[in-house]
Amino acid sequence: MKAIQLAAPGGLENLRLVDLPEAAAPGAGEITVRVHASSLNYHDLLVVTGPRSGSGNLIPMADGAGVVTAVGAGVREFAVGDAVVSCFFPEWQAGHRVPTDFGTVPGDGVDGFARQSVTRPATAFTHAPRGYSHEEAATLTTAGLTAWRALVVDGRIRAGDTVLVLGSGGVSILALQMAQSMGAQVIATTSSAEKAARLRALGADTVIDYKTTPEWGEAVLAATDGRGADIVVEVGGPATLAQSIRAVAPGGHIALIGVLTGFSGEVPTAALMAKQATLRGLIVGSREHQQDMVRALEVFSWRPVVDRSYPLEQISEAFAWQKAGRHFGKICLSY
C-alpha cells in the first residue's frame, strides 16, 4: 500500500511516499479499514513541521475516513462495507477522565492515516454520517468534533444564543454551520471581503473585519445591543483572547481551542471575572461525543466545506496551502 512517512528531524521536505505491506488481518475486536481520505488540521501541521527526536519514521495525519474491508471476531458494531471515521483519542471512549497528552493520537503518538489501509480496534472508529463523502467525513475527527464539543458539550448551546467564531478555518466554519442549524445567531470575523461574502452565504448574521476593526470585541457588543456572544469559539490564542473576553456575554462561555497566535500570553483576569464567564480549554472529544455528533449531523441538510483536495503523494503541497492561510474550510487528502 501507499503511505507517507515523516523522517526525523521533521519538516515538509522530510515527508516521503513509500510502499508498505498491506494492513494485517484483524484480530479479535479489530477491523481493517481501506482509508480513502484525511483532512489537515493545525495539529498535523505542527507535527510534520516541528522537530522530531530519534530516527524512526512516523505516518502522519490524525483524521481518517474509509470503508471497512474486514472484521475480526467479536465485532458487532461494524460490518464489511460500512463507512467509518476515526477517533482522535481512540482510548477515550466516554466520561470525564480526559487525556492530557497526545501519546495515543494517530499521526502523533502513534502512526496515523496517511496510508491506504489500517487495522485497529473497532472502538477506534465510529460510523460516518450517512450520505457523507469520505472527504466530508474526514473533516469530523478533529475539527468537527472540536466544534461540536465547544458548542454542545461544553457550551450547552440553545436556540437564540449568539455564537462568535473567529476566522474561516475548519473548526470555525463547522461551528458556524452547526450553530446556525441549532437556531443560534452567528457572528464571524475575517479579514477578506471574499471570505466575508462566503461566511454570510453560510449563514453568518454579522461579519466583522478584524483588520479594519482591531477592537472587534466592541463590534460584537455593538452587534448584540451590548450583550455580547453567549459562546465564543476561540481558535486564535493569546493575541485574540482579550478581545474574546471583551466580546463574551455576562455568564457566557469561551471555548479555548487554538494556538494560532502562540502558546502563552497574558489573560485579562479582571475582565473575565467581571463577566463571570467560563474560559475552558478543550482538545477534541471522546468517542461518545463523536457518536452523538454523527447522529445530529445526519439530520442537518448541509455538508462540511472542503476548500480543496490533494492526492496522497501531494501532501507537502497540501500543507503548503494550509500554511499560506488562504483556505476556506477544510483541506483534504483523497486516496
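The values are calculated or read from the model by the stated rules, or taken from the named source; none is laboratory data. Keep in mind the model is a prediction, meaning the values are calculated, not measured. Note: ideal-geometry Cβ built from the backbone for every residue, glycine included; neighbour counts use all protein chains shown. In case anyone asks, the SASA skips ligands and DNA or RNA and just uses the protein heavy atoms, side chains included. Shrake-Rupley method; radii C 1.70, N 1.55, O 1.52, S 1.80 Å.
Accessible area per residue, 1.4 Å probe, Å², for the chain: what's the number?
About 42 Å² of surface per residue is accessible.
Measure off, as a whole percent, the carbon and sulfur share of the 1.4 Å-probe accessible area of region 222-335, all protein chains present. Please list the in-between numbers first.
On the way: 2670 of 5150 Å².
About 52 percent, which is the carbon plus sulfur part of the accessible surface.
May I ask you to evaluate 6.51 cos²θ - 1.76 cosθ + 1.60, the Karplus curve with θ = phi - 60°, for each residue of region 204-209 and list the ³J(HN,Hα) values in order in whole Hz, giving x for glycine and proline?
5, 7, 9, 10, 10, 7
Given only helices, namely DSSP H runs of n ≥ 4 each adding -39500 (n - 2.57), what is the per-residue ellipticity at 222 nm of the chain, to the nearest 500 deg cm²/dmol?
Calculated from helices alone, the mean residue ellipticity at 222 nm is -7000 deg cm²/dmol.
What number of lysine-lysine pairs in the chain show an alpha-carbon separation below 25 angstrom, given a sequence spacing of 8 or more or placement on distinct chains?
Final tally of qualifying lysine pairs is 7.
Answer rounded, prolate or oblate for region 248-335, using the Cα gyration tensor with square roots of eigenvalues a ≥ b ≥ c: rounded when a/c is under 1.5, else prolate when a/b is larger than b/c, else oblate.
Note, shape of region 248-335 comes out oblate.
With springs only between Cα atoms under 10 Å, which of ALA122, ALA239, ALA270 fluctuates most in a Gaussian network model of the chain?
ALA270
Compute the separation of the alpha-carbon centres of region 294-329 and region 235-264 and state it in Å as a whole number.
24 Å
Between region 17-40 and region 105-132, what's the alpha-carbon centroid distance in Å?
8 Å
Roughly speaking, what % of Cα-Cα pairs in the chain are separated by over 29 Å, rounded to a whole number? Walk me through the numbers on the way to the answer.
Numbers: 20554 of 55945 pairs.
Cα-Cα pairs of the chain separated by over 29 Å account for 37 percent.
Check ILE331: other-chain or 5+ apart residues with amide H under 5 Å from its amide H, H built from backbone geometry?
The answer is LEU40, ASP307.
Going by amide H atoms built from the backbone, whose H comes under 5 Å of the H on MET61, apart from near neighbours?
PHE113
Springs between alpha-carbon atoms under 10 Å, Gaussian network over the chain: tell me which of GLU136, GLU234, GLU317 tops the mean-square fluctuations.
Of GLU136, GLU234, GLU317, the most mobile in the Gaussian network model is GLU317.
Of the trypsin sites (Lys or Arg not before Pro) in region 204-302, which ones lie in a loop per DSSP and count no more than 16 other C-beta atoms within 10 Å?
Passing both the DSSP loop test and the Cβ count: LYS211, ARG227.
Between GLU215, GLU135, GLU313, where does the largest GNM mean-square fluctuation fall for the chain, given springs only between Cα atoms within less than 10 Å?
Comparing GLU215, GLU135, GLU313 in the GNM, the peak value goes to GLU215.
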